[in-house]
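The values are calculated or read from the model by the stated rules, or taken from the named source; none is laboratory data. The structure presented is a predicted model; accordingly, all values stated were derived computationally and were not measured. In this analysis, Cβ positions are derived from the backbone assuming ideal geometry, glycine residues included, and neighbour counts consider all displayed protein chains. These accessible areas exclude ligands, DNA and RNA; they are computed on the full protein's heavy atoms, side chains included. Shrake-Rupley method; radii C 1.70, N 1.55, O 1.52, S 1.80 Å.
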Amino acid sequence: MSIAVLPTLRDPYPSRLDHAISPIAREEPTVWCDRRSNSGPLGPDDLDRFDERGYLIRHGTIGTETVAPFGTEIDRLAAELAPDDRRVIREPGGAIRSIFAPHLLSSLIADVVRSDAVLPVARQLLGGEVYIHQARINLMPGFTGSGFYWHSDFETWHAEDGMPRMRAVSCSIALTPNYPYNGSLMVIPGSHHTFYPCVGPTPANHHEKSLVAQQFGVPDQDTLTKAVDAHGIDQFTGAAGSALWFDCNLLHGSGSNITPLPRSNVFLVFNSVENRLGAPYAAEQSRPEHLAARTATAPIRR
């Protein structure tokens, strides 16, 4: 009696390898909606720009009356969450760096997720119903806020969370002014068209350290130099309430904040309901629910 051997599914985006391989051209579209229908808040020029550069800035996404209560709301969350709560990520000195899953803890943030200025944009870019894959508040206090090294979020979500395809988009909404000098996000425009495989296996429980300082799943310096030579660097700046939308595979990072001016953003990741997570592609176990939603994946309703 012969035993059938099931074929091994091809991983289109291998990473966390034991040796370097060449960059891989993206297989999926960046904009998933049917542009002929011309439905949604983004016009043809916005869609073309997002397709070409991998990001789009929309000033005034939330108004000053909505931004104003966020400072108090963040203080409330910080006070109510236990010091050892895994949803709270701290800097080495103890200051709060990130609070994860705030949309499940705050009606204010849940309302922003479902707002007319946010949810329809996510649905349009991803071509259908969406859910929150990950959400967090990023805090970068004056003088002590540390940066995030260059990386593609999709590389991590694919390798460690099992996100199959590049059908997710991030929306970073400024809660304070984002200046060029207080650690605002930098992006390499056009880098989303290429997947950059990374070298080095995923350590066990990698998320416990990578959310403070990521060392695995980041491109090497030669790769980054070539990407910047080809595409340059742009930066997200704007008043509180401005939003940066960027593709899941866009290379981005930020420097530390040595100014007295704090920077904080609410960071929302929308994933298509047709792109739900499977087994991690390059990790022994999946990350916790507050980092990568596996159960809370019903389409967001307004």
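Within region 34-71, the set of residues being open to solvent by 80 Å² or more (accessible area, probe 1.4 Å), within 21 Å of V118 (Cβ to Cβ) and modelled with pLDDT under 90 comprises R35, N38.
Would a scan of region 72-82 turn up a residue that is touching a strand residue (DSSP E or B) at 6+ places or on another chain (Cβ under 9 Å), closer than 15 Å to N138 by Cα, open to solvent by 30 Å² or more (accessible area, probe 1.4 Å) and hydrophobic (A, V, I, L, M, F, W, C)? Yes: region 72-82 contains one or more residues that are touching a strand residue (DSSP E or B) at 6+ places or on another chain (Cβ under 9 Å), closer than 15 Å to N138 by Cα, open to solvent by 30 Å² or more (accessible area, probe 1.4 Å) and hydrophobic (A, V, I, L, M, F, W, C). Tallying residues that are buried (at least 21 other Cβ atoms within 10 Å of the Cβ) and assigned to a loop (DSSP other than H, G, I, E, B) within region 243-279 yields 4. Report yes if W150 is buried (at least 18 other Cβ atoms within 10 Å of the Cβ), more than 30 Å from A82 (Cβ to Cβ) and of a type in the set (A, V, I, L, M, F, W, C), otherwise no. Yes. When V130, V121 are screened for being open to solvent by less than 10 Å² (accessible area, probe 1.4 Å) and in contact with a strand residue (DSSP E or B) (Cβ under 6 Å, 6 or more places away or on another chain), only V130 passes. The requirement of being more than 20 Å from the chain's Cα centre (by Cα) and of a type in the set (A, V, I, L, M) is not satisfied by A110. Taken over region 89-114, residues that are open to solvent by 30 Å² or more (accessible area, probe 1.4 Å) and hydroxyl-bearing (S, T, Y) amount to 1.
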